[in-house]
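A.B. asks: So that we are looking at the same thing, I have put the structure below in structure tokens.
The values are calculated or read from the model by the stated rules, or taken from the named source; none is laboratory data. Values in this document were obtained by computation on a predicted structure and should not be read as measured data. Cβ placement follows ideal geometry from the backbone for every residue including glycine, while neighbour counts extend to all protein chains displayed.
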Amino acid sequence: MEINKNKGETIGLVPTMGALHDGHLALISFAYKFCDVVVVSIFVNPTQFNNASDLEKYPRHIEKDAAFLKKHNSKTLVFTPNVEEVYADGLKSESYNFGSIVDFMEGEFRAGHFDGVGSVLKRLFTIVDPDKAFFGEKDYQQLMAVKKLVTITGQKVEIIGCPTNRNEFGLAQSSRNFRLNDTQLKQAELIFEALTQARSMFDDYSILDIEKEVKKRFQQSALELEYFSIVKTKDLIPTTTKEPKEAYRGFIAAFLGDVRLIDNMALN
Ligand code: AMP
């Protein structure tokens, strides 16, 4: 892959783990609004999985992905490094001081996940040297952690977040959806419905009441709720009280069979 930065072109990087879907395409189209050249990296990063079977089962179809990207925009550059290229200094994670933003939710339930994300992105930013890098709000905690990462590493890349792309029923597009059958895809819509309900209850009900309602809906469903958290957007710390002028978000992780799905939404 050859990029001529001297031409003054703005380079955007969209890091992905492949198994590409419309959510990725929305992110890539978003990146083209800001950049002349868009590089999509496809790399299933071993250090961000805390569960060997999750890593093994992660869907991989690089050739299909490359064709999907080409059809979307033939100018998009695809970067598919192997593990040795990314982790030339050995397959290991560094630890980063991300602060409170990784203490709960994904940080709590996936030990070491964000250190793995930081370790791979630091390397991808070094290899590709983009001016901007794009991340989906679907992984909101990741987006905030990456913003923090570049302040820690001092890398000169601007981190830009893109709204979550959903199917017509609200289900957030995800590579993990490829592992769901048609019945499960319908069942998974509960995640969006619960977040939407939390948002509509937010002004009039206490956080504890909202949590109770959401948990009840999951108990009556095929999904197993791992967490539902209402947090302050600025620090991602769960709270049970509301303060005026403060922004809040709801976050959900739930299992459908052995497929783990996450989503989140602004509540006010
Ligand atoms: P992944 O391949 O799942 O690691 O995702 C690569 C990037 O695409 C991350 O920045 C994700 O947040 C983003 N992404 C994944 N799904 C969506 C979606 N439905 N809408 C917007 N961005 C997404």
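A.B. asks: Mind checking whether some residue in region 36-43 is among the aliphatic types (A, V, I, L, M), at pLDDT 95 or above, more than 16 Å from the ligand (Cβ to nearest atom) and not in a helix (DSSP H, G or I)?
C.D. replies: yes
A.B. asks: While we're here: Identify the residue in region 126-150 that is in contact with a helix residue (DSSP H, G or I) (Cβ under 7 Å, 6 or more places away or on another chain) and free of Cβ contacts under 8 Å to residues at least 40 places away in the same chain and, among all such residues, is surrounded by the fewest Cβ atoms within 10 Å (Cβ to Cβ).
C.D. replies: Filtering region 126-150 for residues that are in contact with a helix residue (DSSP H, G or I) (Cβ under 7 Å, 6 or more places away or on another chain) and free of Cβ contacts under 8 Å to residues at least 40 places away in the same chain, the one surrounded by the fewest Cβ atoms within 10 Å (Cβ to Cβ) comes out as LEU143.
A.B. asks: Go through region 239-256 residue by residue and tally those that are in a strand (DSSP E or B) and not β-branched (Val, Ile, Thr). Quick ask: steps written out before the conclusion?
C.D. replies: Start the filter on region 239-256 by keeping residues that are in a strand (DSSP E or B), which leaves 248-256.
In the following step, the residues that additionally are not β-branched (Val, Ile, Thr) were identified as 248-251, 253-256.
Residues that pass the stated criteria total 8.
A.B. asks: Of LYS148, LYS156, which residue is in the same structural domain as TYR96 (by the TED database), more than 14 Å from the ligand (Cβ to nearest atom) and not in a helix (DSSP H, G or I)? Steps first, answer last, please.
C.D. replies: Numbers: LYS148 fails: not in a helix (DSSP H, G or I).
Exactly one of LYS148, LYS156 is in the same structural domain as TYR96 (by the TED database), more than 14 Å from the ligand (Cβ to nearest atom) and not in a helix (DSSP H, G or I), namely LYS156.
A.B. asks: Let me ask you something else. Restricting to region 10-35, what's the tally of residues that are assigned to a helix (DSSP H, G or I), charged (D, E, K, R) and either more than 9 Å from the ligand (Cβ to nearest atom) or without any contact (Cβ under 8 Å) to a residue 60 or more places away in the chain (or both)?
C.D. replies: Looking only at region 10-35, we keep the residues that are assigned to a helix (DSSP H, G or I), and these are 22-32.
Checking which are charged (D, E, K, R) leaves us with 22.
Next, only the ones that are either more than 9 Å from the ligand (Cβ to nearest atom) or without any contact (Cβ under 8 Å) to a residue 60 or more places away in the chain (or both) stay: none.
So the answer is 0.
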